[in-house]
Structure formats: C-alpha cells, structure tokens
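Here is the structure we will look at.
Derivation of every value follows stated rules applied to the coordinates shown; laboratory data play no part. Only a predicted model underlies this, so the values are computations on that prediction, with no experimental measurement involved. Neighbour counts are summed over all protein chains in view; Cβ atoms, including those assigned to glycine, are modelled from backbone coordinates with ideal geometry.
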Amino acid sequence: MFTLAVQTGLRLSEITELCLASVHLGSAPHLACTGKGRKNRTTPLTSTTASLLKVYSQERSTRPGQALFPNPHGFALSADAVQRRLSLHLVKATSICPDLANKHVTVHTLRHTAAMRFLEAGIDTAVIALWLGHETIATTSIYLHADMNLKRAALDRTRQPDTPAGDYRPDDPLITWLQSL
C-alpha cells in the first residue's frame with residue numbers, strides 16, 4: 001500500500017477507495033481511480049509496483065470484499081487505519097534510520113515524496129500536476145519544495161563556463177596569508 005502511495009502519489013482517500021477492479025496488471029500495468037472532484041484518473045505502475053501488487057493480489061484473494069486494502073470484514077480501510085499502519089512501519093524504519101524519529105510522516109507526505117521524485121527526475125511541473133490530479137500547476141508548486149541538491153544542480157547548469165562546478169568554499173585566511181609569504 002505504501003509503495004503504491006509513493007509511486008503513484010495517490011491521495012489517502014484515493015487509496016482507501018481502490019477496489020480490486022481498479023488495478024490492471026496486464027501488459028501495461030496501471031490503476032484507475034476516482035480522485036478529488038469525482039475526476040477519473042489512470043496512473044501507470046512501475047514494474048516493481050506491479051510485481052508487488054501481483055503477489056499482494058494473490059494473498060488478497062483469500063479475503064472477503066472488493067476493497068483493494070480491506071479491513072478484516074472486507075470493507076475498505078478507514079483513513080485512520082491506514083495512518084496507524086504507516087505509524088507502525090515508521091517505528092520499524094526508525095530503528096534503521098534514526099532521523100525519522102524527528103519527522104512527522106503522514107500518508108500525504110508520501111504524496112509529496114512522489115512529487116519530489118518526479119521533479120528530481122526532471123519531469124515538467126505540468127506533467128507532475130496531471131499525474132497528481134491537480135487542476136492547476138499552482139497547486140502542484142506547493143508540493144515542490146526544492147532541496148539543496150536541486151538548487152546545486154540548477155546553479156551548475158547556469159554557471160559561467162570558466163567557473164568550476166561544485167560548492168563555493170572561500171579560501172582559508174591562514175592558507176592565503178601563508179601563500180603570500
């Protein structure tokens with residue numbers, strides 16, 4: 001479920017509303033969902049996500065109901081149940097990556113992660129807006145907080161030809177003074 005969220009950038013409501021018929025794992029794996037404003041959206045799946053969903057679908061077939069991610073009674077998980085599951089995974093992940101302990105991670109954070117991964121891959125913001133189901137690029141810009149690596153890459157692309165790439169580091173005053181002797 002969380003791999004799907006990070007790869008697709010689906011909203012929490014879109015994830016909980018997915019049913020078995022929403023997932024198409026044939027030659028062009030994708031999922032179809034109804035997003036905000038009752039807009040239908042089709043989202044391609046990576047081969048990794050499709051493979052995970054194939055395995056999950058086999059396990060899922062033994063449970064009742066049509067919800068892709070069901071509760072024990074076969075109905076769709078609630079938003080709170082999904083967030084609780086994410087919290088449990090975060091506790092485990094914090095043992096491997098202690099920096100996560102200071103982070104506030106929600107399912108919506110995974111949506112932001114998807115947007116940033118697209119931006120880092122050089123995808124145009126208009127395409128990212130379409131992918132996330134936004135009506136305007138202005139909405140998408142809220143998601144796209146440029147990190148330091150993106151800023152460095154932008155500077156490296158716009159630097160003068162005679163300027164070396166990389167971070168600027170002023171000369172150490174002591175070394176400069178010693179070299180002047």
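The C-alpha atoms of the chain define a longest principal axis, and helix 47-60 lies at about 30 degrees to it. Within the set (i) 10, 41, 41, 8, 0; (ii) 8, 27, 30, 17, 8, 5, 3, 1, 0; (iii) 9, 34, 35, 18, 4, 0, the number that P(r) over Cα pairs in 10 Å bins from 0, in percent takes when calculated for this structure is listed as (ii). 3J(HN,Hα) along segment 131-141: 4, 7, x, 8, 6, 10, 5, 4, 5, 5, 4 Hz, from the Karplus curve 6.51 cos²θ - 1.76 cosθ + 1.60 with θ = phi - 60°, whole Hz, x for Gly and Pro.
Projecting the Cα positions of Leu100, Phe2, Trp177 onto the charge dipole of the chain (unit charges on Cβ atoms of Lys, Arg, Asp and Glu, taken about the Cα centre) puts Phe2 furthest along the positive direction. A simple rule links phi to the HN-Hα coupling: the Karplus curve 6.51 cos²θ - 1.76 cosθ + 1.60 with θ = phi - 60°, which for segment 79-86 gives 4, 5, 5, 5, 5, 4, 4, 4 Hz, with x for Gly and Pro. For Leu77, the residues whose amide H sits under 5 Å from its own are Phe69, Asn71, ignoring neighbours fewer than 5 places away on the same chain, with H placed 1.01 Å from N. The Stokes-Einstein estimate for segment 12-76, based on a Kirkwood radius over Cα pairs and taken at 20 °C with 1.002 mPa s viscosity, is a diffusion coefficient of 174 µm²/s. A protection proxy built from the mean count of other Cβ atoms within 10 Å ranks the segments 173-179, 125-131, most packed first, as 125-131, 173-179.
Between Ala101 and Asp156, the contour length at 0.36 nm per residue exceeds the alpha carbon distance by 16.5 nm.
Across the options Asn71, Ser47, Leu25, the greatest Cα extent toward the positive end of the charge dipole of the chain (unit charges at beta carbon of Lys, Arg, Asp, Glu) belongs to Asn71. Highest mean packing first, where packing is the average number of other Cβ atoms within 10 Å per residue, the peptides 1-14, 92-105 line up as 1-14, 92-105.
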